[in-house]
Amino acid sequence: MDIRRLQRLVVDALEDVKAQDIKVYNTTALTELFDRVVVASGTSNRQTRALASSVVEKVKGAGGQVISVEGTEAGEWVLVDLGDVVVHIMQPTVRNYYALEEIWGGKPVRMKLAPPARGRVAA
């Protein structure tokens, strides 16, 4: 699946369950393991699990592959590995503590440049 389409699917899935502070980072110059890191916040264990579930369902529904999902038991930090995209869904206190934005840093990818997922109307 095209990276822009995959990133759009992920962001749409996160927005569907009201994720907060969604950031997408282009990591192609930093690592060969994946092309994008997505970081988003959920307000509770239940919401972080629901956000991860939404990402998994939307990606699988579009024919994409989910490699693994980690952290659903505790729900404070759930990681969804989609191969080219790694999604970190964290509660705000955990997100502030680990500061992943500083690791993957720089400017987030501008989402309005990515085409909307099929079936969604652009705002």
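Some points to look at:
- The length gained by stretching the chain between residue 3 and residue 45 to full extension, at 0.36 nm per residue less their Cα-Cα distance, is 12.3 nm.
- For a straight C-alpha distance cut-off of 15 angstrom, the aspartates and glutamates reachable from residue 60 (same-chain residues fewer than eight places away being disregarded) are 2, 12, 81, 84.
- With 5 Å bins from 0: P(r) over the range 3-104, alpha-carbon pairs, percent: 3, 15, 27, 27, 20, 8, 1
- Taking only the C-alpha atoms of the range 1-54, Rg followed by Dmax gives 11.9, 34 Å.
The numbers here are math on the coordinates, done by the rules we state, and not lab data. In this text, all values refer to a predicted model and were calculated from it rather than measured experimentally.
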